[in-house]
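What follows draws every value from the coordinates through simple rules; no lab data is involved. Since the model is a prediction, treat every value here as computed from it, not as a measurement. A quick note on method: Cβ atoms are made from the backbone with ideal geometry, for glycine too, and the neighbour counts reach across all protein chains shown.
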Amino acid sequence: MSAFSHPLVERYASREMVELFSPSNRFKTWRLLWIALAEAEKELGLPITDEQIEEMKKNADNLNLERAAELERELKHDVMAHIHAFGEQCPKARPIIHLGATSCFVTDNTDVIIIRNALNIVKKRLVNVISLLKNFALKYQDLPCLGYTHLQVAQPTTVGKRAALWLQDFVEDFKSLEFILENLKFRGVKGTTGTQDSFMKLFNGDEEKVKLLDKMVAEKFGFDKVFIITGQTYTRKQDYLVAQALSGIAQSAHKMATDIRILMSFGELEEPFGEKQVGSSAMPYKRNPMKSERICALSRFVMSLIECFEYTHATQWMERTLDDSAIRRIAIPEMFMGIDAVLILVANVVRGLVVYPKVIEKRLQQELPFIAMEEILMEAVKRGGDRQALHDRIRRYAFEAAKKVKEGEENRLIDMVASDPEFRLTRKEIEGMLDPSRFVGRAPSQVEEFVKEEVEPILKKYGHLIEEVEEVRV
């Protein structure tokens, strides 16, 4: 406890995501890449023996990380340190480990492999969120509630329709994520500045073999797309596009969590609250929106990271500069662990979201007389009233009633209108026009339409990814 420990690792992200970015997984992947390179080079005719490859495979999981760290302190080069450490374990294979390759063969390709696996974890989390929000939206598609524009009372909507707004954002994020995954490219086997010159020399100028080597190694790791053009590194534009997709998810989560925080302050709904959970050390009655606040905090962090990837791509001079290395070691894992934590929180909140229909109805009824004024006006005109004169009268009544409400009195707007003979409407007739469901338009059917056309195809294709919601760790 005397050294800094990362909150994303210790408190927020899943073990699955944390382990994916662990040193052991990274360095094991380096070794798998060296084995795949040797296998492909042997298959294409280079003098590499089965015995050398078997020796490498036997030691692939036998990581001597302490020895590698010791060598790195001497060599000041992480890849060379691991080549030597692996070579010490594989004396027969030592001469052909990393043959023809540059450091980015293992570092960049490993990054792409880990990014792909991390994206698949995010994809699974997102499918679960979409499924949970779909169920919530359908459950409350008919429940009228106050709508808000400018955070001021506006025409009513339904609780389910508002949830469908959140759901739609996540569906758009899913489409972006799916596109990124389908188009993610392997760096491949490109040599020092991306020209594949070292491999051209190894294969005596046989360009077809060099091209095939690139393809074979990529296929061994499940990639059907490989960058044709690279410098020493794959273009950092790919990292930026990944960050952009994750930032989009964070934006959606932040928006949803902010709405929930506001609605909790109105008393209309509540995020799940544990039986023994404490809301405040000083105020025992408090039920603070802790999970939603944490969603906003972590989402803000993920969104802020996109600038790292913008600048990293923009400053990759010529074939590469090394100022991309340190920042990517930090930003890529943090970005994925951050969004992993966000989606776990979102799933927990949606799964346990509590709606209070009576509070929603009470707040709606307080405002409904104002909202219904246009319909009341039209009905009065139908009964022979002068539209312009009635508009002026109802406007004055509305302002007067609103003033009284702000002073703590009851809303008397309906009484004012009903007692005015110019409107030719009884109180009973006016009250009959105040059914909230008359003011939500197509909100319920819009939810059904959206779920059918946009959500169900995703869940039908990826329903196998739906699983029990991972619990929030703290």
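Going highest first, how would you order 195-204, 252-261 by mean Cβ packing within 10 Å? Please report the intermediate quantities before stating the final value.
On the way: 195-204: 16.7, 252-261: 21.5.
Averaged packing, sorted descending, gives the order 252-261, 195-204.
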Helix 65-75 sits at what angle to the longest principal axis of the chain, using alpha carbons and giving 0 to 90 degrees rounded to 10?
70
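Take the alpha carbon gyration tensor of segment 15-96, find the square roots of its eigenvalues, order them as a ≥ b ≥ c, and report rounded if a/c is under 1.5; if not, report prolate when a/b exceeds b/c, else oblate. The partial results should precede the final answer.
Details: a/c = 2.21, a/b = 1.42, b/c = 1.56.
Cα axes put segment 15-96 in the oblate bin.
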Could you list the square roots of 5 times each eigenvalue of the Cα gyration tensor of segment 398-465, that is, the equivalent ellipsoid semi-axes, sorted largest first and rounded to whole Å?
45, 16, 8
Whichever aspartates and glutamates have a C-alpha closer than 20 Å to that of K291, once near sequence neighbours (fewer than 8 apart) are set aside:
E10, D169, D259, E268, E270, E271, E275, E334, D340, E468, E470, E471
I need the shape label for the chain. Rule: rounded when a/c is under 1.5, else prolate if a/b > b/c, else oblate, with a, b, c from the alpha carbon gyration tensor.
prolate
For K76, give me every one of the lysines with a C-alpha distance below 30 angstrom, ignoring sequence neighbours fewer than eight places off in its own chain.
K28, K57, K58, K92, K185, K190, K201, K237
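Counting only C-alpha contacts under 8 Å and six or more residues apart, can you give the relative contact order of the chain as a whole percent? Working shown, then result.
Numbers: 601 pairs, mean separation 91.3, N = 474.
Contact order relative to length: 19 percent.
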Mind computing the radius of gyration and Dmax over the alpha-carbon atoms of segment 373-433? Å is fine for both.
11.3, 35
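What is the sum of charges, Lys and Arg at +1 and Asp and Glu at -1, for the other residues whose Cβ falls under 12 Å from the Cβ of L132? Write down the numbers at each step before the final one.
Values: positive: R125, K134, K139, R351; negative: E467, E468.
That sum, taken over residues with Cβ under 12 Å, equals +2.
Grab the beta carbon distance between E431 and E467, set R0 = 45 Å, and tell me the FRET efficiency rounded to 0.05. Intermediate values should be presented prior to the final figure.
Numbers: r = 49 Å, r/R0 = 1.09.
In this case the efficiency is close to 0.35.
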If the cut-off is a Cα-Cα distance under 25 Å, which lysines reach K362, setting aside same-chain residues fewer than 8 apart in sequence?
K139, K161, K286, K403, K404, K406, K428
Between helix 373-382 and the chain: long-axis angle, C-alpha atoms, 0 to 90°, nearest 10
50
